[in-house]
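Below is one structure; the comments refer to it alone.
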Amino acid sequence: MRHRILAIDDDKDILRVMKANLQLHDFQVDTAVDCREAENALSETLPDLILLDLMLPDRDGIEFCIELKRQYGRSQCRFCGTGCTVMPGVKDGRVVSIKGDADSPINFGRLCMKGYSLPHIMYGNDRLTKPLVRKSDGSYSEAGWDEVLDLIADRFAGLIKKHGRDSVAWYGSGQNTTQEAFAANKLFKGIIGTANLEGNPRLCMASAVGGYLNTFGADEPAGTYDDFDQADCFFIIGSNTAENHPMLFRRVVNRKTAYPEKIKVIVADPRYTPTARYADIHLKFRPGYDMYLLNSMAHVIVQEGLVDTEYLRYCTFRKGLKTKGDFINFDAYVSFLEGYAPEKVETLVGVPASDIRKSARWFGRKGYATLSIWTMGLNQRTKGVQLNCRVSNLHLLTGKIGKPGCDSLSLTGQPNACGGTREQGGLTHILPGHRSIKNPKHRAEIAEIWGVPVEWLPKKPTGPAVNMFMRLGEGKIKAIWINTTNPGQSLPNAERYREAMKRAFTVVSDVYPTRTTELATVILPSAMWVEKEGVMGQTDRRSQFIPKLVDPPGEAMSDFRQIREVARRIARRLGRKTMYRVTDPRTGKIKGVKEVYGLGFETEQEAWNEYRLCTRGQDVDLWGVTYKKLKAHAGGIQWPCTSIDPENRGTAKRYISKGYAAGIFGSTTREYRTGYVTLYDQHMEQKGFKGPVNYYGSHPFHKGSEGKAIIRVVKAGLDFEMPDAEYPYVLNTGRVIEHWHSGTMTMRVRMLRELSPRAYVEVSPEDAESLKLTNGSKLKIVSRKGDIVLPVWVTGRAKQGMVFVPWFDENKLINFLTVDAPKSWSGAGEPDYKICAVKLMKV
């Protein structure tokens, strides 16, 4: 066997001599002129020996050797839906350091403060390491894995036999890996046969899904992160991007800094957030009145000649949502918008007509690119679906979609809300690969791949997340498995559902004690992040691989293995066998079949390959996304990716043909350091859909559109619980830069905990004066659901008449106050966390 040597020296003549002499002695020799080149070489192949200069251009040679003692692997950040590519450093079986991956086209080696804290989230003193079972006195005792797995299977199977399959439920997370979510989906829908399967993405992304389905007939964005680097106008609405997606906001700032006059940043938000500080215009609208704002911007666009009349060939107009309203023509739409002229709505909206007009003009500038980004500020709203549609309306009217720097890009909150839930089918009404549970053809397709009789699958959905917990409270659901999420803190009107979780047989899988584990019957200690293997999918249809780099502590077990073992036991107790199929990952052909009790796959890679089959030929085509390819490319692969060609990294732009891409971009591909993406839609090309632009989405909401996008014609409306005489203020909840969700991970990081140790309430200077409040005053906030007392922060961030409270603090549960009434949910079943009527009292 020939030994391999890596030689590093910035003198190319010395390198040439070294290489020649070493090759004379039959060594294989790789060379690098600096440490970065050396790191790239090391990511491909590990040498037997490294020879290097002590003084290199980018680093000291000794320092580089010390770094090499740490084993670096490539992974994805565990926090938000941006999906930054990271390089965890491992030493002595622990993650000891972290750096960004400079080769990633997502974050280019940069990380935010939460990203840099990743090693610390794993090693909190109170990490769960052994299974626990609640005793009759409410305390917990340790138990062995076989004991608890049998207990769970016995209780679930017993309840199914006695009360029916809908007596049990699963509540998962946008933080599960795709393989974990796929395994749970197959267990509950495929083996048990219940549609009682929901996840916390229902609380954050469902309205965005509804908006995309109503507009394009298919879920998820049409564009890519690369659009940030080509946009001339950023329209940011319902997103504090600077704090919640900081690496994407860095790209906004970079673009603005490079071209300060050309680039325009419009921020629409009632709060003066860190994002708004960078705005050329801050549209500080009245809470709840942004529907009027968006319709008003559309009015300016159609009245001032900013419509792309050529692009309207690919659009149609329809009243209302779904298929209830009639199709109308452009002239009727123009008439509809007359009531939303800026001068007519400026008092309602709380924004000067001149600012509305200027924003619309910047958005619609001919020959310039516009990128819209939004998240929970639109989604977590009673009118969330309508708001999503309105943003896409602006892009369709101006033709600013499917072009460089142009897209209506809904940002995702969690690292796998797209991959594990939206794409994989992790909600009650959907099946893997963007299929519907109500569609007999779709059920048959999935049953065939899953290797189960189609009769086992449920034929209709049961209800969205909050409805599922309502049925838990009513006793209709008697057992629930909660995995990688904290509904005891995150559900609206949470106190109501906490009692329900405590009464039921509740299994909770997590890594630390939470306000949900304290309600559990059984607590399962889970592996986290790089303690296990999996795939996650982010905002712009991107999937990345997470390798197992270290072992979990104590007896903690991966969620995939937990689900696999429970599935095996439940299937045996129910007498239901699955077909275990060995398939060729390159062709999908079946190489062997046998009947088993369980999921029909044993490893994460087998699960991924079965899931790839579920997506093959669908709009969310991941067939080309092999394990080998995922491991090879920093920044992952974007669907649709129809080819297993190792260099094909998927599709950057959807709904456009190869010829259209060539004309618009001057090319049909974009090269990265490794591999390439196509600038045209690979699914469209494979299926032969007619171009140059084709909105081919087949969802029932899109019926009658004939391959066109639908501009939705919907009257402006308000949120369910607007302020009134009794409750005159608005409560708005959200995240801060230091913490993520319920603080389960970030509150274990000393730096982040000390920077932001507890919840507070933002109060505007005007309201502080009228209520006689100063910084540190105690303020009692009272809603129709509950009350809380918090310290005051008097700040110009807050808008008069609205208070803001972050929800990370487990000792101050602000969601005891928020609204859970079904009429407050969006058309996609998402609760309204942004507009809750409250009254304020100084304590």
Counting each DSSP H run of 4 or more residues in the chain as -39500 (n - 2.57), what helix-only mean residue ellipticity at 222 nm follows after dividing by all residues, to the nearest 500 deg cm²/dmol?
-> -8500 deg cm²/dmol
Low-density loop positions, GluC sites (Glu not before Pro), the stretch 188-293 - DSSP coil, at most 14 other Cβ in 10 Å | GLU261
Any chance you could look up the accessible area of SER770 with a 1.4 Å probe, heavy atoms only, rounded to 10 Å²?
-> 80 Å²
Rounded to a whole number, what % of the accessible area of the chain do carbon and sulfur atoms account for, probe 1.4 Å?
-> 49 percent
Once phi is turned into ³J(HN,Hα) by the Karplus curve 6.51 cos²θ - 1.76 cosθ + 1.60 with θ = phi - 60°, what whole-Hz value does each residue of the stretch 186-199 show in order, with x for glycine and proline?
-> 5, 4, 7, 8, x, 9, 6, x, 10, 8, 6, 9, 9, x
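Looking at the square roots a ≥ b ≥ c of the eigenvalues of the Cα gyration tensor of the stretch 4-69, which shape do they give, rounded for a/c under 1.5, prolate if a/b is larger than b/c, or oblate? Intermediate values should be presented prior to the final figure.
Values: a/c = 1.96, a/b = 1.32, b/c = 1.48.
In terms of gyration-tensor shape, oblate.
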Per residue accessible area in Å² of the stretch 9-148, where ligands, DNA and RNA are left out and the probe is 1.4 Å | 53 Å²
Under Karplus coefficients 6.51, -1.76 and 1.60, residue-wise ³J(HN,Hα) of the stretch 742-750 in Hz, glycine/proline x = 8, x, 4, 8, 5, 6, 8, 9, 3
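Tell me whether the chain comes out rounded, prolate or oblate; compute the Cα gyration tensor, take square roots of the eigenvalues as a ≥ b ≥ c, and use a/c under 1.5 as the rounded threshold.
rounded
Give me the percent of DSSP beta bridges within the chain that run antiparallel, rounded to the nearest 5.
Rounded to the nearest five, the antiparallel share is 45 percent.
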Find how many whole Å separate the alpha carbon centroid of the stretch 277-337 from the alpha carbon centroid of the stretch 441-460.
-> 41 Å
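Working out 0.36 nm times the residue gap between LYS687 and LYS715, then minus their Cα-Cα distance, what length gain in nm do you get to one decimal?
6.4 nm
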How would you order 143-151, 457-465 from highest to lowest mean count of nearby Cβ atoms within 10 Å?
-> 457-465, 143-151
The set of residues whose placed amide H lies less than 5 Å from the amide H of ALA7, leaving out same-chain residues fewer than 5 positions away, is ASP30, THR31, ALA32, LEU51
From phi via Karplus (6.51, -1.76, 1.60), per-residue ³J(HN,Hα) for the stretch 322-339 in Hz, x at Gly/Pro | 6, 10, 6, x, 7, 6, 10, 9, 4, 4, 5, 5, 4, 5, 4, 6, 4, x
Express the accessible area of the stretch 729-842 per residue in Å², computed with a 1.4 Å probe while the remaining protein chains stay in the model.
-> 37 Å²
Starting from the Cα gyration tensor of the stretch 360-508, take the square roots of the eigenvalues, sort them a ≥ b ≥ c, and report rounded, prolate or oblate (rounded when a/c is under 1.5, otherwise prolate if a/b is larger than b/c, else oblate).
-> oblate
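Report the net charge of residues surrounding GLY172, where surrounding means a beta-carbon distance below 11 angstrom and charges are Lys +1, Arg +1, Asp -1, Glu -1.
Computed value for this residue: -2.
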Placed amide H near LYS99: partners under 5 Å, 5+ positions off or other chain = MET87, GLY89
In debye to the nearest 20, the charge dipole size for the stretch 205-413, taken about the Cα centre with +1 at each Lys and Arg Cβ and -1 at each Asp and Glu Cβ, equals 260 debye
Quick one: which residues, 5+ away or cross-chain, put their amide H under 5 Å from the amide H of VAL713? H built at 1.01 Å from N.
-> ARG318, LYS319, GLY320
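Packing-wise, with mean Cβ within 10 Å as the measure, how do 641-647, 295-301 rank, highest first?
Numbers: 641-647: 17.6, 295-301: 24.7.
Ranked by mean Cβ neighbours within 10 Å, highest first: 295-301, 641-647.
For a protection proxy built on the mean count of beta-carbon atoms within 10 angstrom, sort 691-704, 199-212 highest first, please.
199-212, 691-704
The values are calculated or read from the model by the stated rules, or taken from the named source; none is laboratory data. The shown structure was predicted, so the numbers you read here are calculated from the model rather than taken from an experiment. Using ideal geometry, Cβ is built from the backbone for each residue, glycine included, and neighbour counts are taken over all protein chains shown. Areas reflect the complete protein model, heavy atoms only, side chains present, ligands, DNA and RNA absent. Shrake-Rupley method; radii C 1.70, N 1.55, O 1.52, S 1.80 Å.
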